[in-house]
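> After the structure tokens below, expect a handful of questions from me.
The values are calculated or read from the model by the stated rules, or taken from the named source; none is laboratory data. No experiment lies behind these values; they were computed from the predicted model shown. All Cβ positions, even for glycine, are placed from backbone atoms using ideal geometry, and neighbour counts span all protein chains on display.
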Ligand SMILES: Cc1cc2nc3c(=O)[nH]c(=O)nc-3n(C[C@H](O)[C@H](O)[C@H](O)COP(=O)(O)OP(=O)(O)OC[C@H]3O[C@@H](n4cnc5c(N)ncnc54)[C@H](O)[C@@H]3O)c2cc1C
């Protein structure tokens, strides 16, 4: 365990226990503490100013944060997620890019992934964080795990260097929770050199900013047939149109309607084999759900932090709000939900540290679904109370309630994508039922 000094934050519950220096069974490496400090500074220096600009405009207005993220290895680690295999680190190093905070590729794991998501989300801006890494995190996964070496060499260096942006295009107007229902068609041309792609993708994070679309397409069968789905990397070009969607949450990150109209895609852009597209999509679901739970957890903590700070300043009926037992009671309920969520997140992160992705998908898939659903529910409770505690300021853009007002608008963009709450509560139970012995079986 690295020696860390106990620190006293200015606001109670504003930090997870390990950050205040309390002993932890998970955050045991010096690199965890180094990355946390680095990511906090990066959030303060790059993301907070970016959030102010992008949230005001409702869209990303410049390339400043993205270029900085490329230089500082942020794009690299978000594209790779929970491990940094040496071959990908070498690919990035050839362009002068190393991991953040001087972490070695062999050291990086899902604990570092949690730390960087947690710290970056202190800015409470989906435009800044998801605008930067939403498409990349989910869109690069199939290339990292399933593309051929030739495809990786062709696409990844530019993605790590921020020269090309990527997103994941699965959902369609008639295929959301039920992915197998998708109908965007990819038909081989007579010459056999191309797929001709036609169809629409809806709510695609970062779509308007992207050069590459990691796209689930139908190469055979009808809507509903899970076996006829394949994965194609579609470059922006003739026949690809993107339109920014107006959203209650997630708009600033570039939520997009993507239209493919007779798009000619070289057959070399098929990722994996024809017909195994859904397997590739599902492979990354656990990680996607964990990152959404990390975001909801930090957002909930931000709500708690900003409401306690306000309650200690604001005087109503001749005393500070925090002196009212009813206010402390409300804060007590918020805090118990946030701390319990923190403990569950840390425990799943720890389990996954010791499992391969395949084992993790099998053994923690149901838990991840439940955790993601739970994190959204906690955030809704905590944010609701935070808005009340701030009174009018909780509804006001800018000033004391800035982050809380934003989180209130954004929180459904955490509970619907990545598996809607009802779908995941059901999935979580079904998955756990599969893992136990049939009832009545002998021990
Ligand atoms: C901000 C945002 C960003 C997104 N980013 C992306 C992206 O980058 N790429 C991408 O491909 N997609 C993206 N999506 C799409 C997202 O994955 C879908 O919205 C989601 O899967 C739900 O699909 P749907 O909207 O079609 O809802 P539907 O599938 O129509 O479901 C509507 C509701 O019905 C209920 N329901 C559905 N099925 C069941 C069931 N089996 N059991 C119980 N209840 C059920 C649930 O309450 C659900 O919320 C994004 C969406 C949003 C809002």
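> Looking at region 201-231 only, could you name the residues that are within 14 Å of the ligand (Cβ to nearest atom) and part of a strand (DSSP E or B)? Working first, answer last.
Taking region 201-231 as the starting set, the residues that turn out to be within 14 Å of the ligand (Cβ to nearest atom) are 201-210, 212-217, 223-224, 229, 231.
Answer for region 201-231, where residues must be within 14 Å of the ligand (Cβ to nearest atom) and part of a strand (DSSP E or B): 201, 202, 203, 204, 212, 213, 214, 215, 216, 217, 229, 231.
> Follow-up question, since we're still on this one. Looking at (1) outside the structural domain of residue 417 (by TED's automatic domain parsing); (2) away from the ligand (no atom under 16 Å from the Cβ); (3) in contact (Cβ under 8 Å) with a residue 40 or more places away in the chain, which one does residue 310 not meet, given that it meets all the others?
Here residue 310 clears every test but (1).
> Another one. Of these, 79, 52, which one is assigned to a helix (DSSP H, G or I) and more than 30 Å from residue 275 (Cβ to Cβ)? Working first, answer last.
Working: 79 fails: more than 30 Å from residue 275 (Cβ to Cβ).
Going through 79, 52 in turn, the sole match is 52.
> Moving on to the next point. Select, from 160, 146, the only residue that is crowded, with 21+ Cβ neighbours inside 10 Å and touching a residue at least 12 places away in the same chain (Cβ under 8 Å). Step through it out loud before you land on a result.
Values: 146 fails: crowded, with 21+ Cβ neighbours inside 10 Å.
Just one listed residue meets the conditions, 160.
> Looking at region 131-172 only, could you name the residues that are farther than 22 Å from residue 242 by Cβ and within 12 Å of the ligand (Cβ to nearest atom)?
The answer is none; no residue qualifies.
> Could you please find all residues in region 173-193 being more than 8 Å from the ligand (Cβ to nearest atom) and part of a strand (DSSP E or B)?
185, 186, 187, 188
> Here is a list: 263, 302. Which entry is closer than 24 Å to residue 232 by Cβ, in contact (Cβ under 8 Å) with a residue 40 or more places away in the chain and buried (at least 17 other Cβ atoms within 10 Å of the Cβ)? Can you show your working first?
Working: 302 fails: closer than 24 Å to residue 232 by Cβ.
Of 263, 302, the one residue that is closer than 24 Å to residue 232 by Cβ, in contact (Cβ under 8 Å) with a residue 40 or more places away in the chain and buried (at least 17 other Cβ atoms within 10 Å of the Cβ) is 263.
> Can you work out which of the residues in region 414-440 that are within 11 Å of the ligand (Cβ to nearest atom) and part of a loop (DSSP other than H, G, I, E, B) is farthest from the chain's Cα centre (by Cα)?
Checked region 414-440; the qualifying residue farthest from the chain's Cα centre (by Cα) is 420.
> Something else about it: Taking residue 385 as the residue in question, decide whether it is closer than 19 Å to residue 341 by Cα, out of contact with any strand residue (DSSP E or B) (no Cβ under 9 Å at 6 or more places or on another chain) and either buried (at least 17 other Cβ atoms within 10 Å of the Cβ) or outside the structural domain of residue 301 (by TED's automatic domain parsing) (or both). I'd like the intermediate steps shown before the answer.
On the way: closer than 19 Å to residue 341 by Cα: yes; out of contact with any strand residue (DSSP E or B) (no Cβ under 9 Å at 6 or more places or on another chain): yes; either buried (at least 17 other Cβ atoms within 10 Å of the Cβ) or outside the structural domain of residue 301 (by TED's automatic domain parsing) (or both): yes.
In short, yes.
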